[in-house]
Amino acid sequence: MRHMATRTRLTPEQRREQLLAFGVAWIADKPFGELSLDLLAEHTGVSRGLLYHYFGGKQEYQYAVLQRLSDDLFEATAPVDHPDMVHRMRVSLENFVAWVRNHRTAYDEFVAVARGGGSPEVAEIYARGRNALTDRIFESATTEELAVYGIADSAATRLFARGWATMVEDVVTAWLDEPGDLTEDQMIDAFTLSLGGILGLVAS
C-alpha cells in the first residue's frame with residue numbers, strides 16, 4: 001500500500017527562522033538590495049500576507065536578516081572553555097577569520113552598508129554586534145586575568161577595544177584578498193599582541 005508523505009507543520013517561530021535562513025543564504029552571493037518580500041514569496045511559497053505578518057515590510061525583513069547574520073557571527077566566535085585568556089582570544093580570532101572567509105560577500109555588504117551612512121538602522125545593528133563582540137573580551141575574563149596583562153575594565157578600554165575590532169575587520173578582509181607573505185598565524189599573533197598593548201597603555 002502506498003503511503004502519502006506528510007508535511008511537517010512549522011510553528012510560527014520555526015517558519016520565521018526558515019525565512020531568515022533563506023535571506024542569509026541569499027546575500028551570501030547576491031546583492032543585499034534585491035532581498036524583498038516579493039522575492040521571498042516567490043522562492044518559499046509563503047504568502048505575502050503572512051510575510052508581512054512576520055516582518056512588516058521589506059526593510060524590516062532586511063534588518064532582521066542582518067541581525068541574524070550578526071548573531072551568527074557572535075555565536076561562531078564564542079570563547080572556548082580554556083583557563084588562558086590569550087588562548088581564548090586566539091581561538092575566537094581564528095573563528096572570526098574562518099567565518100568571514102565563509103560569509104565574505106554577505107559580510108562585505110553588511111559592513112559597507114553599515115559604514116556608508118545610508119541606513120542608521122543597519123549602522124545600529126552593526127555597532128551593536130561589534131560592541132557585543134568586544135564587550136565579551138572583558139566579560140569572559142576575570143579582573144585578575146585582565147590585571148595579569150595590565151588591563152583594567154573601563155569605559156576607555158572598551159572604547160579602544162572597539163577601535164581595535166574595526167582594525168581587525170579591515171585587515172582580515174584585505175588579507176583574504178591579498179595575503180602576501182603574511183600567514184594567518186602571524187596575523188592573529190599581531191592582533192592579540194596589539195590588543196594587549198593598546199589596552200595596557202589605556203589602563204596605565
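Before moving on, here are some points about what is shown:
- Computed over the chain, the per-residue total of -39500 (n - 2.57) for DSSP H runs of n ≥ 4 gives a 222 nm mean residue ellipticity of -24000 deg cm²/dmol, rounded to 500.
- Relative to one another, the C-alpha centroids of the stretch 70-136 and the stretch 22-56 are positioned 24 Å apart.
- Principal semi-axes of the equivalent ellipsoid, √(5λ) from the alpha carbon gyration tensor of the stretch 10-65, are 16, 12, 10 Å from largest down.
- The string of couplings for the stretch 86-94 from the Karplus curve (6.51, -1.76, 1.60, θ = phi - 60°) is 5, 4, 4, 5, 4, 5, 4, 5, 4 Hz, one whole number per residue in order, with x for Gly and Pro.
- Of the trypsin sites (Lys or Arg not before Pro) found in the stretch 1-106, those that fall in a DSSP loop while having at most 15 other beta-carbon atoms within 10 Å are Arg2, Arg7, Arg9.
- Point-to-point label distance, Glu94-Arg9, nm (Cα→Cβ direction, 7 Å offset): 4.7
- Each Cα pair under 8 Å and six or more residues apart adds its separation to the average, and for the stretch 10-65 the resulting relative contact order is 38 percent.
- Glu178-Ser140 pseudo-label distance in nm [points 7 Å out on the Cα-to-Cβ vector]: 3.2
- Residue-wise HN-Hα couplings along the stretch 11-19, as the Karplus relation 6.51 cos²θ - 1.76 cosθ + 1.60 with θ = phi - 60° gives them from phi, are 6, x, 5, 5, 5, 4, 5, 4, 5 Hz; Gly and Pro carry x.
- Descending principal axes extents, the stretch 77-203, alpha-carbon based, whole Å: 41, 36, 26
A short reminder: the numbers here are calculations on the coordinates, not readings from a lab. Note that the coordinates shown come from a computational prediction; the quantities given were computed from them, not determined experimentally. All Cβ positions, even for glycine, are placed from backbone atoms using ideal geometry, and neighbour counts span all protein chains on display.
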